[in-house]
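One structure is given here, and the rest of the page talks about it.
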Amino acid sequence: MKLKYIFCAACLATAMVFTSCEKDEIDRSTSVIIDSDHVENDFDRWLYHELVLPYNIEVKYRYEDIESDMDYQLVPADYQKSVQLTHLMKYLCLEAYDEITGSKDFMRSYFPKMIVMTGSAAWQNNGSRVLGQAEGGRKITLFEVNEMDPTNIALLTEQYFHTIHHEFAHILHQTIPYDPSFDQISGSMYRGDNCFDYYSNSDALAQQDGFITAYAATEGAEDFVEIISMYVTNTPEYWENVMATAGDGADIIERKFDIVFDYMNDTWNINLNTLRDIVQRRSVEAEDLDVDDLTVPSDEKPEEIPLS
Amino acid sequence: MNRKNMKYWALPLVCLVMLQSCFKEDEEYWDESATIRLENAIQDYRSVLVNSEYGWVMDFYPDQTFTEGGYVYTMKFEEDGNVAVGYELAAPTDTRTSMYSIEGGEGPVLTFDTYNEYMHHFANPSQQNYEGRGGDYEFVLQRRNDAGDYIKTLGRKSKNHMPMYKLTMPASDYYAAVDAAEAMVDNPNMIVKVGDGMLPLEKESGVKAFVTEDEMVYPFVYTDQGIRFREGVGVGGVKDSVFVFSSNHDQLVGVNCPDVTIMGDNFGFYLQYAGQLGYMYSFTNYPSSELQAAYDNMVQQCSVAYPNHPINKVGFSFDTSLNTYVLLVQSGTRSLLYGIGLTINRDNNTFTISKLETSLNNDNCNRYMEAGVAAIEDLANALYGEYAYSTPSTLNYNEIDIQKGGIALNCQKVSIN
């Protein structure tokens with residue numbers, strides 16, 4: 001019997017070997033990827049000079065369905081608004097970190113590599129909207145760019161730069177984890193996706209329970225990055241006011257902040273107080289920024305930083 | 001070979017037969033690979049789009065129900081990647097400039113990839129309308145004609161076909177012609193005719209879609225020479241989709257199939273519509289002694305009853321509050337309404353004015369009658385009868401001659417004060 005099986009297997013193998021086909025040669029001379037043949041415009045040149053070469057960051061301001069979110073009905077971003085928001089993002093986020101770290105290396109290494117501008121908000125059928133979202137530390141999508149007012153820095157900070165600082169902080173703690181004892185402070189108080197309903201979308205209510213925002217009550221990691229983002233994008237007076245009005249929550253926020261502060265200081269050599277001063281100073285200066293300027297110095301060779 | 005051995009040989013034989021493949025030499029249908037063909041198509045469409053002196057017009061259909069009908073868009077594509085877009089909701093000379101690309105997708109895809117107030121008007125979502133109004137801004141370029149003046153496109157989300165035609169005049173001239181065409185076709189009740197066959201169509205004011213009695217929707221756009229339906233319309237399988245005005249502008253005639261014509265439905269239907277919009281048909285003459293006497297008496301009686309409000313218009317209309325056709329006498333801003341019956345005969349394009357069986361019970365009318373303006377009854381009596389009509393154009397009925405027994409009354413469409 002055994003011999004029979006071996007014989008059968010051998011026959012099968014033989015049959016399979018003989019069944020090989022003649023195949024056409026693969027055409028390796030032609031790429032199946034079709035390059036976009038956009039005509040380079042002033043913004044493209046500025047982006048290459050100001051963001052691609054120094055930071056290796058791509059800003060996608062032209063709508064691409066594969067980069068957009070299929071869950072929503074969206075429209076493209078306005079060209080001029082994209083120019084303005086990119087200027088402000090560079091000045092208030094990228095260069096704030098450049099200033100505290102002393103070079104562009106830090107942002108070049110860690111900042112998400114793709115910023116996608118989308119014109120409309122991502123409206124949901126319950127009347128709420130998404131203004132920004134991040135995917136895996138590689139891509140940040142900014143929505144409702146067409147409605148943005150480049151002179152209203154406070155609103156822009158609330159809408160966009162808060163999200164950018166938030167997402168960037170995620171990348172930092174995903175690169176080097178924070179002290180796990182942070183997650184124990186609020187422990188079972190985290191409420192997952194229910195956080196907004198639980199606190200009726202009110203940061204003030206969440207602060208009473210020791211969360212700096214309602215969203216911070218989602219989970220430990222969100223809590224951690226919300227503290228960083230809220231701390232640097234708001235004034236010292238705002239923070240003191242939160243501490244004064246948070247009741248029992250103030251002590252909890254304080255304990256969490258100590259861990260956050262030490263983590264940023266010890267792990268990344270970033271003093272959050274200094275970073276906040278820089279961001280706040282730049283928020284004032286940004287009002288005088290020429291956010292439409294797309295001149296690229298022709299005689300100056302762009303700074304090209306080799307990959308480390 | 002005994003039976004046992006046969007099993008051993010049969011198995012590999014079966015395997016060989018079943019698993020064997022394949023010396024296939026498929027005949028190449030295309031000369032080049034899909035990638036190269038797509039790349040070539042993109043370049044071809046780019047050059048066709050850019051090489052139009054005045055740009056392109058697109059028949060744009062924003063949603064899948066088609067109840068809004070179509071909209072005219074114009075686009076002037078430039079080599080540098082910019083496109084100037086106009087649409088019929090804006091002033092004829094207004095455009096908005098943004099960028100476009102032709103990308104490889106499910107074929108060459110024309111995409112308007114930076115925001116354009118006009119191009120994205122029907123796509124822009126809001127809190128109240130989180131899916132926008134269903135408008136596309138990405139179009140699969142499916143094919144073009146050899147002359148390069150027509151491109152068949154498919155909206156990527158709506159899956160609506162939205163054809164593009166090469167403009168032969170500046171966009172602003174085209175919009176002016178479109179506006180003129182729209183003004184010409186001011187009749188919500190039309191009839192498609194093929195021989196003796198008729199298909200009545202209705203549309204709401206301002207909407208560019210006709211609806212049949214069976215609730216079939218025929219969306220269309222206005223063109224510089226007439227109207228263009230999204231799909232063929234006709235009777236008994238004889239159809240056309242592109243219609244131009246006849247030389248005297250009294251009807252629309254199929255371009256490919258001139259047997260299919262579209263004209264305004266019976267005047268009586270239009271009279272109802274005009275009344276709802278605040279118009280009346282004012283008599284400009286009184287071509288019989290009976291009519292003239294009734295009119296003169298009315299003027300006389302009114303000058304006694306209401307010396308400060310002389311009669312300035314007499315004619316027909318439809319009154320929405322009374323829900324009936326009326327004889328209407330205007331004195332100053334006052335209206336005397338006298339209800340009349342009006343029945344429409346589609347078969348021979350006539351209508352009949354008759355005495356209203358039920359009393360109108362109209363305070364306004366009674367008041368006038370009691371005040372002594374009784375000659376309106378004489379006028380009504382003189383008008384009762386069957387009328388044929390003639391008009392410069394059935395498409396709008398701005399002016400009409402109605403005839404009864406050789407007596408022709410000329411009527412002009414005017415606003416009710």
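The values are calculated or read from the model by the stated rules, or taken from the named source; none is laboratory data. Keep in mind it's a predicted model, so treat the numbers as computed, not measured. As a convention, Cβ positions derive from the backbone with ideal geometry for all residues, glycine included, and neighbour counts pool all protein chains shown.
Applying the condition of being under 30 Å from residue B:44 (Cβ atoms) and more than 7 Å from chain A (Cβ to nearest Cβ) to the range B:118-136 and asking which residue is surrounded by the most Cβ atoms within 10 Å (Cβ to Cβ) yields B:119. On the stretch given as the range A:59-73, residues that are more than 10 Å from chain B (Cβ to nearest Cβ) and not hydrophobic (A, V, I, L, M, F, W, C) total 4. Would you be able to say whether some residue in the range A:192-207 is aromatic (Phe, Trp, Tyr) and surrounded by 19 or more Cβ atoms within 10 Å (Cβ to Cβ)? Yes, the range A:192-207 has at least one match.
For the range A:100-156, enumerate the residues that are of a type in the set (D, E, K, R), within 14 Å of another protein chain (Cβ to nearest Cβ) and in contact with a strand residue (DSSP E or B) (Cβ under 8 Å, 6 or more places away or on another chain). If the condition is that a residue be of a type in the set (D, E, K, R), within 14 Å of another protein chain (Cβ to nearest Cβ) and in contact with a strand residue (DSSP E or B) (Cβ under 8 Å, 6 or more places away or on another chain), then A:129, A:144 are the ones that fit. Restricting attention to the range B:124-143, the residues that are touching a residue at least 24 places away in the same chain (Cβ under 8 Å) and in a loop (DSSP other than H, G, I, E, B) total 5. Of the residues making up the range A:61-84, those that are aliphatic (A, V, I, L, M) and crowded, with 24+ Cβ neighbours inside 10 Å are A:74, A:75, A:77.
Looking across the range A:126-151 at every residue that is under 8 Å from the mean Cα position of the chain (by Cα) and assigned to a strand (DSSP E or B), the one that is surrounded by the most Cβ atoms within 10 Å (Cβ to Cβ) is identified as A:140.
Restricting B:285, B:308 to residues that are at pLDDT 90 or above, of a type in the set (S, T, N, Q) and in the same structural domain as residue B:353 (by TED's automatic domain parsing) narrows the list to B:285.
Being among the polar types (S, T, N, Q), within 15 Å of residue B:316 (Cα to Cα) and in contact with a Ser or Thr (Cβ under 6 Å, 6 or more places away or on another chain) is a property that holds for residue B:276. The residue that is nearest to the chain's Cα centre (by Cα), among those in the range B:105-120 that are farther than 18 Å from residue B:50 by Cβ and not in a loop (DSSP other than H, G, I, E, B), is B:107.
Among residues that are over 16 Å from the mean Cα position of the chain (by Cα), of a type in the set (D, E, K, R) and modelled with pLDDT under 80, residue A:37 is included.
Residue B:241 falls short on exactly one of the conditions (1) over 30 Å from residue B:340 (Cα atoms); (2) in contact (Cβ under 8 Å) with a residue 24 or more places away in the chain; (3) part of a strand (DSSP E or B), and that condition is (2). Residue pairs whose Cβ atoms lie under 9 Å apart, sitting 6 or more positions apart in sequence or on different chains, and linking a residue in the range A:146-162 that is within 15 Å of residue A:91 (Cβ to Cβ) to a partner that is of a type in the set (D, E, K, R) and part of a helix (DSSP H, G or I), are A:148/A:81; A:150/A:81; A:151/A:287; A:153/A:287. Out of B:229, B:220, one residue alone is free of Cβ contacts under 8 Å to residues at least 60 places away in the same chain and surrounded by 15 or more Cβ atoms within 10 Å (Cβ to Cβ). It is B:229.
Report whether or not residue A:216 is buried (at least 22 other Cβ atoms within 10 Å of the Cβ) and under 21 Å from the mean Cα position of the chain (by Cα). When the stated conditions are applied, residue A:216 passes them. Determine if the range B:61-77 includes at least one residue that is within 14 Å of chain A (Cβ to nearest Cβ), under 29 Å from residue A:43 (Cβ atoms) and at pLDDT 95 or above. There is at least one residue in the range B:61-77 that is within 14 Å of chain A (Cβ to nearest Cβ), under 29 Å from residue A:43 (Cβ atoms) and at pLDDT 95 or above. Here residue A:50 meets the list (1) touching a helix residue (DSSP H, G or I) at 6+ places or on another chain (Cβ under 8 Å); (2) more than 10 Å from chain B (Cβ to nearest Cβ); (3) at pLDDT below 70 almost entirely, failing just condition (3). Among the residues of the range A:34-56, those identified as surrounded by fewer than 18 Cβ atoms within 10 Å (Cβ to Cβ), touching a residue at least 12 places away in the same chain (Cβ under 8 Å) and charged (D, E, K, R) are A:42, A:45. Given B:146, B:94, which one is outside any strand (DSSP E or B), within 26 Å of the chain's Cα centre (by Cα), away from chain A (no Cβ under 14 Å) and at pLDDT 95 or above? Testing whether each residue is outside any strand (DSSP E or B), within 26 Å of the chain's Cα centre (by Cα), away from chain A (no Cβ under 14 Å) and at pLDDT 95 or above leaves just B:94. Taken together, the residues in the range A:182-213 that are more than 23 Å from the chain's Cα centre (by Cα), at positive phi and not polar (S, T, N, Q) amount to 2. Note on the range B:98-116: residues that are farther than 15 Å from residue A:63 by Cα and either among the small types (Gly, Ala, Ser) or facing chain A (nearest Cβ under 9 Å) (or both) amount to 1. Among the residues of the range B:228-248, those that are closer than 19 Å to residue B:396 by Cα and at pLDDT below 95 comprise B:246, B:247, B:248.
Reported count of residues in the range B:50-71, each being surrounded by 23 or more Cβ atoms within 10 Å (Cβ to Cβ) and more than 17 Å from residue B:87 (Cβ to Cβ), is 0.
Just to be sure, is residue A:179 crowded, with 16+ Cβ neighbours inside 10 Å and over 21 Å from the mean Cα position of the chain (by Cα)? Answer is no for this residue. One residue alone among B:190, B:164 is aliphatic (A, V, I, L, M), in contact (Cβ under 8 Å) with a residue 60 or more places away in the chain, buried (at least 19 other Cβ atoms within 10 Å of the Cβ) and assigned by TED's automatic domain parsing to the domain that holds residue B:139, and that residue is B:164.
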